[in-house]
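These notes concern the structure reproduced below.
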Amino acid sequence: MKNYASAIGIDIGRYSLKIAVVKIGGEIIAVKSFALNHKQSKDYILEKLFEAIRDIRQTVASEGINPICIGIAAKGFIDHNTGLVIGPDQGIKNWLNVPLAKLVNKEAGLPVYVGNDANMMTIAEHRFGAARGFNNVIFVALRTGIGGGIIIKGKLYRGVNNAGGEVGQMIINYDNGLSDKGIKGSYEHHASASAIVRKYYEELGIIHDKKIKPLQCKEIFELSYTGSPVAVKVVEENAEMVGVGLANLIAIFAPEIIVVGGGMSEAHDNYLSLIKKSAFANSLENCRSVVKIERADLGQVGSLLGVTYWGLNRLAGKSI
C-alpha cells in the first residue's frame, strides 16, 4: 500500500452524494458523485453512503491506496465529538439523532468523523483556499439557505453545543418575513437563493403555481446578465442585502477576510462588487480597515477537502 495518509471524504447534499479520496496535503486522488432521489429516508441515505464507500475503496485499491479514515460533511447541527447528526431532518425521513459515525464505522471498519458541511468548507478555504494564511476568517455559504463558519486565531469556532457559526439565522429585518425555521427577518430568509426566487416572482406579481417548477436562482442570475429589468433589480437588491449581513459580521468580528462561497458566489464579478460596496458602506471604518471580501476558491470540492483534512487531523489527535 502507498505510505502516505489519505482519507475518504463524503458530502451529503440535497440531491447528490459526493465522495473523494484525498491525501492529507489536499491532493484529490479520486472523486465521484452519486445522484440521490428527491424522496429520501435515513435507510436510503445510509444505503447510498455504504455503496459509495465500497465503490471508491475499490477504485483506489487498484492503485495500492488504502484510506485510513472517513470524514462526512452533513447539513444541520452535528455533535462533532460523537458523530451524531442531531437535525433538523433536511427533508429526510427519520434523519434526526442519527449516530452516523457509529453506523458507518460498523459498515466500513474505519474511524469516522462527521462535521457540519459549512464548517468543513470553512476549514478547506482556510487550509487550502482563499483564506489560506489568515488567522481570523468568516466563511459565508450563499445557497438555498445560508450557512457559515468562523475561524478565530486559526481555530474553528463552534460555540456551545457545536451550534456556533449559524450566520444565516442572524436577524436583519425584523419587520418582515418569517422563515421556514420560524425566525423573523433572518439573513437566510432575505438574502439566500430561495429569497431571490421568491422576490423575483413577487416583482412579477405572480403567485407561483406549485405544480409548475419555478425558475432556479441561477436562471434568474442569467436573466440579469441579459439585462432583464426585473432580474437585474432582484439581483442588485439581493447583493445589497448580502452586503448588509456581511457588514454585521465585520462589526462583530473585525475579521481579516470574509470568504463568500456556495452556488451564488459563482455569479459574475459585478455581483461580488455590489456585495463589497454594500458591506463597506454599512460598516465602521475601524472594523473594515483591513478586511478583504473574496470569492471562495474551492467550489464544490471544498467540503470534501475540508472534511478529509479535518478527519485525518482528528485521527492524529489534533484539533483544528
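The values are calculated or read from the model by the stated rules, or taken from the named source; none is laboratory data. Since the model is a prediction, treat every value here as computed from it, not as a measurement. A quick note on method: Cβ atoms are made from the backbone with ideal geometry, for glycine too, and the neighbour counts reach across all protein chains shown.
Observations
- Number of positions in segment 217-240 that are in contact with a Phe, Trp or Tyr (Cβ under 8 Å, 6 or more places away or on another chain) and not small (G, A, S): 5
- Total residues in segment 108-129 satisfying the condition of being surrounded by 15 or more Cβ atoms within 10 Å (Cβ to Cβ) and over 15 Å from the mean Cα position of the chain (by Cα): the figure is 7.
- Within segment 287-312, if we keep just the residues that are free of Cβ contacts under 8 Å to residues at least 40 places away in the same chain and out of contact with any Phe, Trp or Tyr (no Cβ under 9 Å at 6 or more places or on another chain), the residue that is nearest to V260 (Cα to Cα) turns out to be G299.
- Extreme residue, farthest from A124 (Cα to Cα), among residues of segment 146-169 that are crowded, with 22+ Cβ neighbours inside 10 Å, touching a His at 6+ places or on another chain (Cβ under 9 Å) and not aliphatic (A, V, I, L, M): G168
- Selection count, segment 57-84, where residues are surrounded by fewer than 21 Cβ atoms within 10 Å (Cβ to Cβ), in contact (Cβ under 8 Å) with a residue 24 or more places away in the chain and under 21 Å from S6 (Cβ atoms): 8
- Residues satisfying the stated conditions in segment 170-198, i.e. within 16 Å of E240 (Cβ to Cβ), at pLDDT below 80 and surrounded by 13 or more Cβ atoms within 10 Å (Cβ to Cβ): G177
- Any helices (runs of 4 or more DSSP H) falling wholly within segment 203-320 and containing at least 3 residues that are of a type in the set (A, V, I, L, M, F, W, C): 217-225, 229-253, 269-281, 302-315
- Segment 73-102, residues that are within 20 Å of the chain's Cα centre (by Cα) and among the charged types (D, E, K, R): K75, D79, D89
- Lone qualifier among K277, K292 - being outside the structural domain of G25 (by TED's automatic domain parsing) and touching a helix residue (DSSP H, G or I) at 6+ places or on another chain (Cβ under 8 Å): K277
- Of the candidates I207, I250, I220, the single residue that is in the same structural domain as L142 (by TED's automatic domain parsing), surrounded by fewer than 15 Cβ atoms within 10 Å (Cβ to Cβ) and of a type in the set (A, V, I, L, M) is I207.
- Top-ranked residue of segment 7-54 - restricted to ones that are in contact with a Lys or Arg (Cβ under 7 Å, 6 or more places away or on another chain) and without any contact (Cβ under 8 Å) to a residue 40 or more places away in the chain, ranked as farthest from K75 (Cα to Cα): I29
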